[in-house]
1. Suppose all protein chains stay in the model; what accessible area per residue would a 1.4 Å probe give for the range 187-263, in Å²?
2. Express the carbon and sulfur contribution to the solvent-accessible surface of the range 265-314 as a percent, rounded to the nearest whole number, probe 1.4 angstrom.
3. Would you mind getting me the FRET efficiency between D161 and R184? Use the beta-carbon distance for r and R0 = 30 Å, nearest 0.05.
4. If you line up the Cα atoms of the chain on their principal axes, what length do they span on each, largest first, in Å?
5. Work out the length of the dipole vector of the range 299-341 about its Cα centre, built from +1 on the beta-carbon of each Lys and Arg and -1 on the beta-carbon of each Asp and Glu, and round it to the nearest 20 debye.
6. For R221 and T320, calculate 0.36 nm times their separation in residues minus their Cα-Cα distance, and state this gained length in nm to one decimal.
7. So for the pair F192, E87, with labels modelled 7 Å out along Cα→Cβ, what separation do we get in nm?
8. Calculate what fraction, in whole %, of the accessible area of the range 40-123 sits on carbon and sulfur atoms when a 1.4 Å probe is rolled over the protein chains.
Amino acid sequence: MKIASIVGARPNFVKIAPLAWEIAAREGIEHTIVHTGQHYDESMSDGFFESLEIPEPDINLGVGSDGHGRQTGRIMIELEPVLEELEPDWVVTVGDVNSTAAATMVAVKLGISTAHVEAGLRSFDRSMPEEINRMVTDAISDLHFVTEQSGHDNLVREGVDPSRIHFVGNIMIDSLVRALPKARELKAWERFGLEPGGYLLVTLHRPSNVDDHEQLEGLARALASMGKRRNVLFPAHPRTRRNLENFGLGKLLSEREGVALTEPMDYITFLSLVTSARALITDSGGIQEETTYLGIPCITLRSNTERPVTVEIGTNELVTPTGDGLLAAFEKLEAGNWKKGTVPRLWDGKTAVRIIDALSGALP
Ligand code: UD1
């Protein structure tokens, strides 16, 4: 069996790693990793391959950053001849980035069977580019691997035949389970002079939070004020870093005692910091899931989530993404009123085994 896995952006690498490990442990499967090059900075891409112990991508399309249409189009143009030559039995895509939707469209039109890992998630917010990517990918993929019941229900409602949907659990948790001993041992908080359990770890990169001056300023001011009471560590995505500088907000955070603005971090370092954080403040999708697994409070600065199980039974809360909303959530956290969560079904570190079993059993 020949599998081609397509990755492009940072969260994809965490989801493809367990598949790469599982395929390597089995006989008779040829695996090709194709990196579209959507993310290309050392801190957003190469560092992840190293810290996740995934082999270098076999092919890098080197597409880079651009507007949505141009980026998606370029991925399609570059990927088509690669898939024509590889002739895989399966193209596996993960997550909801532009690379996911672009690769699925190319593969389907070449008549190659496609499987989408993390299918069916819906925020019901079509202003999010990821929501469009999720809908396009799921509408045309052959097999759907879902992480939570809502994924299954959304797909069935959209007319997907239930026999094509597999509830396999959460593949990001496979990566987390494997990396956890190393991450704990690393004690990355010491490097930043932080007390375990005492600091807030922040990531923000959604266009809705970081592309608008007023919006970003409100959040940055709230973080700066929280820094007076708790250490705040903020590894900033390149988009966020650029906007902080363009809007003249960089100094508000970088010169504030108690707040540290850093480059994005590799997977193990960041996970190490998550394990001992007092709470996460984020607009990421994956971090809502990782904190739920670890039982760490997660303040999600969004008005919706495509991962409702993290709110229903996990430690995640949706918080109005404004300075006031964030400060109110902080007070609740400091008052010790944050909910305790439980771990969702099949988030057990064995999702890749179930996916490869299903792909082997359903050979096209
Ligand atoms: C993408 C995904 C988003 C995911 C995020 C994770 C889409 C639509 N969005 O958003 O779902 O949560 O990745 O990080 O696919 N840049 C660099 N270096 C890089 C990559 C990006 O400097 O290695 C800068 C560029 O200025 C670029 C901007 O970041 O224009 C945005 O990058 P892009 O890949 O378009 O989207 P993300 O915001 O990273």
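The values are calculated or read from the model by the stated rules, or taken from the named source; none is laboratory data. What you are looking at is a predicted structure, and each value in this text was computed from that prediction instead of being measured. Cβ placement follows ideal geometry from the backbone for every residue including glycine, while neighbour counts extend to all protein chains displayed. We work out accessible area using only protein heavy atoms, side chains counted, and drop any ligands, DNA or RNA first. Shrake-Rupley method; radii C 1.70, N 1.55, O 1.52, S 1.80 Å.
1. On the way: 3720 Å² over 77 residues.
Accessible surface, normalised per residue, equals 48 Å².
2. Values: 500 of 1010 Å².
Its accessible area is 49 percent carbon and sulfur atoms.
3. On the way: r = 43 Å, r/R0 = 1.42.
The calculated FRET efficiency here is 0.10.
4. Sorted largest first, the three principal extents are 58, 40, 39 Å.
5. On the way: 5 positive and 6 negative charges, 29 e Å.
Value, rounded to 20: 140 debye.
6. Details: separation 99, 0.36 × 99 = 35.64 nm, distance 1.51 nm.
Here the answer is 34.1 nm.
7. For the pair F192/E87, the computed spacing is 5.0 nm.
8. Details: 1620 of 3400 Å².
Heavy-atom surface of the range 40-123 belonging to carbon and sulfur, 1.4 Å probe: 48 percent.
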